[in-house]
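Peer 1: The structure's right below; bear with me while I get my questions together.
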Amino acid sequence: MLANHTKWMNFAILQGLRSKGATGKNPPVGCVIVKNDMLLSYGRTGVSGRPHAEEEAINNVSDKKYLLGSLMYVTLEPCAHKNKNGVSCAEQIYKSGIKEVFVSCIDPDNRTNRKGIDFLKKKDIKVHENFMTGEASKLYNGFFSRIFYKKPYISLKIACSLDGKIALKNNKSKWITNELSRSYSHFLRSQNDAIMTSSSTILNDNPRMNCRLNGLERRSPTKIILDRYLKVSSNYKIYDQSIKSDIFLYSVLQKKHHLNENKFVKKIKVDKKLNNEDFFNFIFKDLASKGINNLLIETGSIINTLLLSLNLVDELLIFRSGNIIGNDGLPFVNKLNFLEINQLTNYKISSLKTFEDNILEIRNLTNKDNRCSQV
Ligand SMILES: NC(=O)c1ccc[n+]([C@@H]2O[C@H](COP(=O)([O-])OP(=O)(O)OC[C@H]3O[C@@H](n4cnc5c(N)ncnc54)[C@H](OP(=O)(O)O)[C@@H]3O)[C@@H](O)[C@H]2O)c1
């Protein structure tokens, strides 16, 4: 029987997406096991990275004899490094009797890089490499960015009017977009490891920056606060710890009594003399070193302008409503002072969604290379 490989890999990708934002510094992986074109089992990376998806999928099959001669679809190369029981995923696949493995992306982690695939091939398991890499790479934009560029994958979220304004002239911005858009943006929070905002946005809006979708509250991202001069007191909702999540506060001032540092709150000092580029590069490098793969940013015009002018934004998430605010409103980006069209940065549409009369445009930087199949 001819198996529908594309269908099964799409299913594996969906499994991986369910883990996105919940695997710590580890990549989210989806895995499906199929026999005679029928689903036998599936798995995804566990919270903070273990168990691995392949291990879970294999363990989910109660009678292991069914695995003999089956096919596995997995979004990332099976690991060659050992788990706490002393076996790697590649070894578990071999021992299970799976005969063919479809792999989307090669793992850049030195402990596995190509070693997992080589192991399977040596054991006469047929491996199809780079299968649907483009589709699966959305799982690894953050992981690959952290490994290769030492910075998280940066997604800038903008909620704006039809004419691109993010607030009225009096700074009121609640709510430019509709409830469905806002729910989806909470879902996006759950898929990111961290969310960043600024002192100015906190002082104006008092946001909580967590995920408030039923059942996904614990998927709230780590909060990153830019508050150079410690203007935000602990009374603001962003410091509310009813759901414990890490908070990293970046400032140029350090005051011992400003905020109690504890298990969840960490204060990081940034050198006051850094220029804007070095300031953000320092923060992004620091976040990458803390294992943050995907960073969502929700800030106003000033920070948006800095990040866009420095070419630091990998992805734009633009929620656009049908309202018109006018030129007295706050634009999502300020002056960039370009004089030539060919100098403009292009963000290419990768996906469009509608939420009643609101639109979400997801746009990615066009000149970034896709490393998922090249490692
Ligand atoms: N609709 C939306 O998508 C959306 C999202 C977010 C915010 N907003 C709206 O945007 C408004 C705030 O926008 P905004 O442009 O005033 O603020 P912003 O861009 O959110 O933040 C600007 C602040 O960031 C801090 N900052 C940290 N590092 C900096 C650096 N290297 N250079 C410059 N500033 C740095 C500065 O405060 P310190 O000097 O205190 O560090 C500065 O005032 C609010 O009204 C809010 O409602 C809308």
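Peer 1: Please list, by residue number, every one of the trypsin sites (Lys or Arg not before Pro) in the range 283-375 that is coil in DSSP and has at most 12 other beta-carbon atoms within 10 Å.
Peer 2: Lys335
Peer 1: Report, ordered by chain and residue number, the lysines lying within cross-link reach of Lys121, taken as a straight Cα distance under 23 Å and ignoring same-chain residues fewer than 8 apart.
Peer 2: Qualifying lysines at Cα under 23 Å: Lys35, Lys64, Lys65, Lys82, Lys95, Lys99.
Peer 1: Next up: Under 28 Å from the Cα of Lys272, which lysines turn up, not counting those fewer than eight places away in the same chain?
Peer 2: Once the sequence-local lysines are set aside, what remains near Lys272 is Lys150, Lys151, Lys157, Lys223, Lys231, Lys237, Lys255, Lys256, Lys263, Lys285, Lys290, Lys335.
Peer 1: Of the residues Asp246, Asp124, Asp63, which exhibits the maximal mean-square fluctuation in a Gaussian network model of the chain defined by a 10 Å Cα contact cut-off?
Peer 2: Of the options given, Asp63 has the highest mean-square fluctuation.
Peer 1: Students often forget the sequence filter, so: which aspartates and glutamates lie under 12 Å Cα-Cα from Lys269 once same-chain residues fewer than 8 apart are removed?
Peer 2: Those aspartates and glutamates meeting the cut-off are Asp227, Asp286.
Peer 1: A follow-up question, please. What value, in deg cm²/dmol to 500, does the helix sum -39500 (n - 2.57) over DSSP H runs of n ≥ 4 give at 222 nm once divided by the residues of the chain? All intermediate terms of the calculation are to be shown ahead of the outcome.
Peer 2: Numbers: 10 runs with 93 residues, N = 375.
Taken over the chain, the calculation gives -7000 deg cm²/dmol.
Peer 1: Longest exposed-loop-site-free stretch of the chain, with chymotrypsin sites (Phe, Trp or Tyr not before Pro), DSSP loop and at most 16 other Cβ within 10 Å?
Peer 2: Longest stretch, sites excluded: 1-174.
Peer 1: Once every Cα of the chain carries one equal point scatterer and solvent is ignored, give the base-10 log of I(q)/I(0) from the Debye formula at q = 0.14 Å⁻¹, two decimals.
Peer 2: -1.18
Peer 1: Can I ask one more? How much of the accessible area of the chain, probe 1.4 Å, is carbon plus sulfur, in whole percent? Before the final figure, lay out the partial values.
Peer 2: Numbers: 9140 of 18420 Å².
Solvent-exposed carbon and sulfur of the chain make up 50 percent of the total.
Peer 1: For the range 5-139, place one equal point scatterer on every Cα, skip the solvent, and apply the Debye formula. What is log10 of I(q)/I(0) at q = 0.13 Å⁻¹?
Peer 2: -0.44
The values are calculated or read from the model by the stated rules, or taken from the named source; none is laboratory data. Keep in mind that this is a model prediction, so the values were computed, not measured. Note: ideal-geometry Cβ built from the backbone for every residue, glycine included; neighbour counts use all protein chains shown. Areas reflect the complete protein model, heavy atoms only, side chains present, ligands, DNA and RNA absent. Shrake-Rupley method; radii C 1.70, N 1.55, O 1.52, S 1.80 Å.
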